[in-house]
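The values are calculated or read from the model by the stated rules, or taken from the named source; none is laboratory data. Note that this is a predicted model, so its numbers are computed, not measured. Virtual Cβ from ideal backbone geometry, glycine too; neighbours counted across all protein chains shown. For the accessible areas, the whole protein counts, side chains as well, though only heavy atoms, and no ligand, DNA or RNA atoms are used. Shrake-Rupley method; radii C 1.70, N 1.55, O 1.52, S 1.80 Å.
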Amino acid sequence: MSAHTVSMRDALYEEPGPKTRRRTRIVTAVSLVLVAVGVGFVVRQFYITGQLDAKYWSFFLRPSTWLYIAGGFLGTLRVAAVAGAIALVLGILLMLARTSGVKPLAAIARVITDFFRGVPSLLLIYFFYLALPQYGLRISAFWMITLPVALAASGVLAEVFRAGVNAVPRGQTEAALSIGLTPGKTMIKIVLPQALRIVVPSLISQLVVVVKDTTVAYVVSYPDLMQNARVLITNNDALVQVYFVVAILYVLVNFAINQLSIYMARRSGNPIISRATENPT
Amino acid sequence: MDYAGLFAAYGDKYLLAVFETLSMTAVCFAIAMVLSVLITVMRVSPIKPLRLVGDLYVQVFRNIPGVALLIIVAYALPYLKVTLPWKTCVEVAVVLLASAFGSENFMTGINAIGVGQIEAARSIGLTFTQTMTKIVIPQALRSAVLPMTNLLIATMLTTALGSQVPLNPQELTGLVSYITTRETAIGILPFTVSAVVYAGFSVLMGLAGNAIDKRVRVIR
Amino acid sequence: MPTQTPVIEMRHVDKHYGPLHVLQDINLSVDKGEVVVLIGPSGSGKSTLCRTINRLETIDSGEILIEGEPLPQEGKQLAQMRAEIGMVFQSFNLFAHKTILDNVTLGPREVLKTPKDVAEREAMELLARVGVEAQAHKVPAQLSGGQQQRVAIARSLAMHPKAMLFDEPTSALDPEMINEVLEVMVELAREGMTMVVVTHEMNFARRVSNRVVFMADGQIVEEGTPDEFFDHPKSLRAKDFLDSIRGH
């Protein structure tokens, strides 16, 4: 074993010889120029269309602008938190039903799980926004955005929990059964608590999906970050700038959540189970 | 209105919508795959600026909400003298998102190979190109089958972004919004039809992906 | 009698990992048909030394010569040289997506441009020689560690190497599988293969090697015939090391 560990990305290329080093230097220089030209082109496009003018940016110096953005962000957090909590509970219930061993119950849970994973969250939002009111069901804008986001997430979470339960060593179940716990008690007292610990990094990474889904809140006019951005745009006539700033905020928040989940995964040694890593359907 | 009535009035629109959703999915996924390969090559290259750009690309597009990206492409870019047709806007947004995740899938596939096999390839005298084409790429592709199947499904679901801009013909989600707004007593019918089509194709894609994976999976 | 050019020669080789001086002024030459065993405590630099010989690790200064020619630093020449020196790793490193047969034929077909049927015939002979011909159409993960390591040896042999490097070939194996791999190596040595072996298998070293090189802290502390080394170690470090492995 060599004394240092190399990442795969570095391992693909071996330690360069003199010729390779020279070639790498040249290509690096060329690519740097290309990247600079690309960035320059974008900046130029902003400049010649007048989008860099101070009038489009100056309102970002006003505290009221940021208060408003913060207010929207709070709305986003509220929806994400409540939707996440609901999805957590629903996800566990769906997983318990699916792994219950009761055939019809498991089948129903499977259909529900697959359904929510196989349908766009936007469609679910239209269900709550357009279809339900036709039956006289009136719910507030908050729930119109929160419920569909929660449902969409619950399908994925059910699968994450199932993977977590499967990751608990079988010996744990056998030991619990052998000391006389019922299968139900074994699940609740022994397996589930361990599974929950295993999926913590995965749950955090799923939060990114929830945050992303909340951005459709403007469809139902709920004041989240995106909706408040639209109001800012109308007030300041600065569409490009506001969306630019808001997009960066979303990217930073989600990036932070992702990094946190990677950190937790590394610390605990439990891998991140995402849609990408499990079997489809 | 019942299903018969719904199909009598909107059947042809539904057919078009299914075709629209599927064709957008196919086009976007194909372009996203090509782009993922390019981005991944940049990210594993020894050229620092390219690595940086590739990493940045992935971080931005895997973290930006689809709606925000679409709105920027469709409504902000025209201010910068870049005006695209509505459908292209949707496709650009979907491709950018999907390619970021696609590159992540490839990176995971490459990471699973392990340094040892690369060293073994080198030590029997394979050149860099041979090591890539005979050892690295085949294994990365095989282990990407499942994640890419999921990405295909996700791409299809992401084309629902098309409901946020005026498309003609509409895709499955936009059509639901269109019908439900016009027919005030239609209830959940249009919603169910679209949902079943989406879920049905998701399951089909999943089955196909699983079948392919079973045949090509690299046992470790 | 004119001295023959050594197959492998290292002159004043130095290497650092950051602040760590992992190879210090290494001078070593291996003649044709010689079996040299590198032993020493872990972290002594013996694996690193072995890996510098086909440039899986680079060196900071000094020279490495293969049959009198300097070790190429890159490109086709480096690949060419590597093809002539076999390498067997601690963790086998078989190509996970290829069958056992394809693992062995890949090198000959891609590098030596051997026709498919010839490569396969030779591969089957080699697999038979190491006793895994029955597994030819399985993939590596279906084989035991000992079988995988024997395939790895066959994969190297298929390139008709001038010399072979073994980097702790039995360290990752379950005890009951160590012997099956060692036997293949003993056989190779008998047939006159030039070998550099990093190992903790003292019996193998004693029985098979022409020379034992003892390393500690990146330096070659002493070298000699197995009998000299095991029965009358000159240095205190070597005595301590031998005591520690005999102690249990």
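Using just its DSSP H runs of length 4 or more, each adding -39500 (n - 2.57), chain B gives a mean residue ellipticity at 222 nm of -25000 deg cm²/dmol after division by all residues.
Rg then Dmax, both in Å and based on the Cα atoms of region A:139-281: 20.0, 70.
Remark: relative contact order (region B:3-216) = 28 percent; criterion is Cα-Cα distance under 8 angstrom and separation of 6 or more residues. The Cα atoms of region A:69-135 give a gyration tensor whose axes a ≥ b ≥ c have a/c of 1.5 or more with a/b no greater than b/c, which makes the shape oblate.
Using C-alpha pairs below 8 Å separated by at least 6 residues, the relative contact order for region C:94-214 is 25 percent. Helices of chain A meeting both criteria, an alpha-carbon length of 20 angstrom or more along the long axis and an average Kyte-Doolittle score not below 0.5, with helices taken as full DSSP H segments, are A:18-48, A:63-98, A:103-117, A:141-167, A:192-214, A:239-268. Shielding value for B:72-83 is 4, the average number of Cβ atoms from other chains within 10 Å of each residue's Cβ. With a 1.4 Å probe on protein heavy atoms only, work out how much accessible surface B and C bury together, total over both chains, in Å² to the nearest 100. Counting both chains, the buried surface is close to 1900 Å². Residues in region A:59-268 average 45 Å² of solvent-accessible surface per residue, probe 1.4 Å, ligands and nucleic acids excluded. Considering chain A, its Cα convex hull presents a mean projected area of 23.1 nm². Distance between the 7 Å Cα→Cβ label points at A:R44 and B:V34: 2.6 nm. Put the Cα centre of region A:225-253 next to the Cα centre of region C:1-61 and the gap is 62 Å. Rounded to the nearest 10 degrees, the angle from helix B:86-113 to the longest Cα principal axis of chain B is 30 degrees. Calculate the tail of P(r) for chain C: the fraction of all Cα-Cα distances greater than 31 Å, expressed in %. Here the long-distance tail beyond 31 Å is 24 percent of all Cα pairs in chain C.
How many Cβ atoms of partner chains, on average, are near each residue of A:10-22 if near means within 10 Å of its Cβ?
On the way: counts 3, 11, 11, 5, 12, 7, 4, 8, 2, 3, 5, 3, 0.
That works out to 6 on average.
By the helix-only formula, in which each DSSP H run with n ≥ 4 contributes -39500 (n - 2.57) and the sum is divided by residues, chain C has a 222 nm mean residue ellipticity of -11500 deg cm²/dmol.
Interface between chains C and A: roughly 900 Å² of accessible area buried, both sides summed (probe 1.4 Å, protein heavy atoms only).
Straight-line cross-link reach from A:K212 at under 24 Å between alpha-carbon atoms covers these lysines, not counting any fewer than eight positions away in the same chain: B:K87.
In chain A, the DSSP-assigned H stretches of four residues or longer account for a calculated mean residue ellipticity at 222 nm of -23500 deg cm²/dmol, using -39500 (n - 2.57) per stretch and the full residue count as denominator.
Put a plus charge on the Cβ of each Lys and Arg, a minus charge on the Cβ of each Asp and Glu, and nothing anywhere else: the dipole of the protein assembly as shown about its Cα centre is then about 2000 debye.
Each 10 Å bin from zero up to the one holding the largest Cα-Cα distance in region C:1-85 carries the following percent of pairs: 16, 50, 29, 5, 0.
Gyration tensor over the Cα atoms of region C:1-143: the corresponding equivalent ellipsoid has semi-axes (square roots of 5 times the eigenvalues, largest first) of 32, 19, 15 Å.
DSSP loop trypsin sites (Lys or Arg not before Pro) in region A:135-235 with at most 12 other Cβ atoms within 10 Å of their Cβ, which ones?
A:R138
Per residue, the convex hull spanned by the Cα atoms of the protein assembly as shown measures out at 212 cubic angstrom. A loss of 50 Å² or more of accessible area (1.4 Å probe, protein heavy atoms, ligands and nucleic acids excluded) relative to the isolated chain is seen in these residues of region B:136-160: B:N150, B:L157.
Rounded to the nearest whole angstrom, the semi-axes of the ellipsoid equivalent to region C:127-172, taken from the Cα gyration tensor as √(5λ), stand at 18, 14, 8, largest first. For the pair region B:149-220 / region B:17-83, the C-alpha centres are spaced 20 Å from each other.
Using the Stokes-Einstein relation with a Kirkwood hydrodynamic radius computed over Cα pairs, the translational diffusion coefficient of region C:65-151 at 10 °C and a viscosity of 1.306 mPa s comes to 113 µm²/s. The B-A contact accounts for roughly 5600 square angstrom of buried accessible surface, both chains included, probe 1.4 angstrom. Measuring heavy-atom accessible area with a 1.4 angstrom probe and counting protein chains only, the residues of region B:197-220 that give up at least 10 Å² relative to the chain alone are B:Y198, B:A199, B:S202, B:V203, B:G206, B:N210, B:V218, B:I219, B:R220.
Eigen-decomposition of the gyration tensor built on the alpha-carbon atoms of region A:3-141 gives equivalent ellipsoid semi-axes of 48, 34, 16 angstrom, largest listed first.
Anisotropy class assigned to region A:10-52 is prolate, per the alpha carbon gyration tensor with a/c at or over the 1.5 cut-off and a/b larger than b/c. Mind running the shape call on chain B? Use the C-alpha gyration tensor, a ≥ b ≥ c as the square roots of the eigenvalues: rounded below 1.5 for a/c, prolate if a/b tops b/c, oblate otherwise. Note, shape of chain B comes out oblate.
Counting Cβ atoms of other protein chains within 10 Å of each Cβ in C:110-123 and taking the mean gives 1. When the surface is traced with a 1.4 Å probe over the full set of protein chains, C:H21 keeps roughly 70 Å² accessible.
Here, region A:1-77 yields an orientationally averaged convex hull projection of 11.1 nm² when only Cα atoms define the hull. Accessible surface area normalised per residue over chain B is 40 Å², counting heavy atoms of protein chains with a 1.4 Å rolling probe. Distance cut-off 29 Å, Cα to Cα: go down the list C:K46/C:K234; A:K19/C:K116; C:K46/C:K76; C:K15/C:K113; A:K19/C:K32 and report the pairs above it. Beyond 29 Å between Cα atoms: A:K19/C:K116; C:K15/C:K113; A:K19/C:K32.
To the nearest ten degrees, helix C:175-190 and the longest principal axis of the Cα atoms of chain C are 90 degrees apart.
Against the main long axis of the alpha-carbon atoms of chain C, helix C:100-110 sits at an angle near 80°.
Note on surface exposure: A:S31, C:S244 rank C:S244, A:S31 by accessible area, highest first, 1.4 Å probe.
Surface composition of the protein assembly as shown: carbon plus sulfur atoms hold 62% of the accessible area, using a 1.4 angstrom probe and ignoring ligands, DNA and RNA.
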